[in-house]
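Only one structure is covered here, and it is reproduced in the block below.
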Amino acid sequence: MQVSNAPPADAARHADMIVVGGGIIGLSIAWRAARRGRSVIVVDPAPGSGASHAAAGMLAPVSEVAYTEEPLLRLGLASLARWPAFAAELSAESGVDVDHRGEGTLDVAFGADDLAALSEVAGFLEKLSLPVQRLTGRECRRAEPMLAPSVRGGILVAGDAWVDPRRVTAALLAALARRGVPVVADRVTGLLSADGPVRGVRCASGAAIGAGLVVLAAGAWSGSLPGLPPEVLPPVRPVKGQIMRLRGAPGFLGRCVRGVVHGSRAYLVPRGDGEIVLGATQEEMGFDTRVTAGALWELLRDARELVPGITELEVVDLAAGLRPGTPDNLPVIGPSGVDGLVLATGHHRGGVLLCPLTAELVAGDPDPGLVPLAALCSPLRFTEAHR
């Protein structure tokens, strides 16, 4: 991809903002900006078909917390608090139910070692004053009768929630259409630049689009802008994830169920219509998006350990997506260091969770209380490290 020096006046179209990327992050930013009265154009060759299409949709900053990732926890909690209003406004404007649910996550253990490790996690969460309830094996099975009899205990994180990412992207596209926001099915091949500042994009079709601001929200592909200085490029890499969608009777599970199986994390996410999402693998395979037999076998094997009845359900969909990972597992959100270019990428496993917060930070008038959080994910942390 090359940076063009053609001035913005050469652009056939112009907007206040161009969003490069039509996943859940880019579409959320565009919708938020349009609601603020800004003219927006989204450019993506296949909107909604990337990582958002292969995501399970867990909004679980507490149950997914790691000992070394308290900054990510702070971001996740702030975005989780914004999800109810975000979902309600989006559903009302688009007419699409995004299946936002908040019955919590049940994290279970099988052996004594697993139970001891889970108890340590519970202690860590309690020290952070986060809501967590310790359960015996019997209490776990009472909460979720389909659980395996071998479950020894667990913890319930009542504040966790989830949505259907495919419905969210469909709702965002519908809401943008109602607001007259163009979603251009094209690939950005360059940036329009005049004397340094970015002032638009050039597309594979040859079209040029000018804008006062370009937001790069292209997920795992966001690091592919060769014309920019190396210190400005977001250090994102593709992290492959494969999922399986099954269908049973509504109510098969009442909440998200997670556990450590064969040394790896497995989870099951229920939908209101009876769909169950099994996920997800985490593979460093470059830009490989093939669905593989080995990964699907592992998903079913692990899910069966948690919920034996899962093998009775119908397989309805298989998918693989590429999450944009970063060296410190924090997203890259904010001014790039080049005038006119803002970054919104690197969300890794948290793209769905963090979309309301990211949209607020990028698209307009964020709460002043978010300033410390914005600093955590500033792209300039990598610029300084590079220098």
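By how many degrees, between 0 and 90 and to the nearest 10, does the Cα long axis of helix 165-178 differ from the longest principal axis of the chain?
With both axes taken from Cα atoms, the answer is about 30 degrees.
Between S264 and A204, what is the spin-label point distance in nm, taking each point 7 Å from the Cα along the Cα→C-beta axis?
3.1 nm
Across 10 Å bins from the origin, how do the percents of Cα pairs in the stretch 1-120 run, short distances first?
Computed distribution, short to long bins: 10, 28, 31, 17, 10, 3, 1.
Nearest 10 degrees, 0 to 90: what angle lies between the long axis of helix 351-363 and the longest principal axis of the chain (Cα atoms)?
30 degrees
Which chymotrypsin sites (Phe, Trp or Tyr not before Pro) from the stretch 46-118 combine a DSSP loop assignment with at most 16 other Cβ atoms within 10 Å?
In loop regions of the stretch 46-118 (DSSP not H, G, I, E or B), the sparsely surrounded chymotrypsin sites (Phe, Trp or Tyr not before Pro) are Y67.
What chymotrypsin sites (Phe, Trp or Tyr not before Pro) in the stretch 214-291 are in a loop by DSSP, with at most 15 other Cβ atoms within 10 Å of the Cβ?
Of the chymotrypsin sites (Phe, Trp or Tyr not before Pro), the ones in loops of the stretch 214-291 whose Cβ has at most 15 other Cβ atoms within 10 Å are F287.
Determine the principal axes of the Cα atoms in the stretch 238-279, then give the extent along each, sorted from largest to smallest and rounded to whole angstroms.
31, 22, 12
Quick one: helix 112-127 against the long Cα principal axis of the chain, what's the angle to the nearest 10°, folded into 0 to 90?
It works out to around 50 degrees.
Full-extension gain between A185 and L370, please, as 0.36 nm times their residue separation minus the C-alpha to C-alpha distance.
63.3 nm
Amide H to amide H under 5 Å from G200: which residues, 5+ apart in sequence or cross-chain, H placed 1.01 Å off N in plane?
Amide H neighbours of G200, under 5 Å, 5+ apart: L192, A211.
Using modelled amide H (1.01 Å from N, peptide plane; none on Pro or chain starts), what sits under 5 Å from the amide H of E275, excluding residues fewer than 5 places away?
Residues meeting the criterion, in which the H sits 1.01 Å from N, are G248.
Let's test the formula: R0 of 41 Å, r as the Cβ-Cβ distance of A174 and S150. What FRET efficiency results, to the nearest 0.05?
So the FRET efficiency works out to roughly 0.40.
Taking every pair of Cα atoms in the stretch 121-188, average 1/r, invert it to obtain the Kirkwood radius, and report Rg/Rh to two decimals.
When Rh is taken as the Kirkwood radius, the ratio is 1.30.
Students sometimes get this wrong: rank S49, S28 by accessible area, probe 1.4 Å, all chains present, largest first.
S49, S28
Which of the peptides 369-380, 328-339 is most tightly packed, and how do the rest follow, going by the mean number of other Cβ atoms within 10 Å of each residue? Could the numbers behind the result be given before it?
Working: 369-380: 15.6, 328-339: 20.3.
Answer by packing, highest mean first, reads 328-339, 369-380.
Below 15 angstrom from the Cβ of L125, what's the summed charge of the other residues (Lys, Arg +1; Asp, Glu -1)?
-3
Over the stretch 232-382, what number does the Rg to Rh ratio reach, with both radii from the alpha-carbon atoms and Rh per Kirkwood?
1.06
Would you rank K240, K127 by solvent-accessible area, highest first, keeping every protein chain in place and using a 1.4 Å probe?
The most accessible residue leads, giving K127, K240.
Out of residues 5 or more away from L135 or on other chains, whose amide H comes under 5 Å of its own, with H placed 1.01 Å from N in the peptide plane?
Result for L135 returns G154, I155, L156.
Count neighbours as other Cβ atoms within 10 Å of each site's Cβ, and list the trypsin sites (Lys or Arg not before Pro) in the stretch 288-349 that are DSSP loop with at most 12 such neighbours.
R290
The values are calculated or read from the model by the stated rules, or taken from the named source; none is laboratory data. Remember, it's a predicted structure, so these values are computed and weren't measured experimentally. So basically every Cβ, Gly included, is an ideal-geometry build from the backbone, and we count neighbours across all protein chains shown. Ligands, DNA and RNA are excluded from the accessible area calculation, which covers all protein heavy atoms including side chains. Shrake-Rupley method; radii C 1.70, N 1.55, O 1.52, S 1.80 Å.
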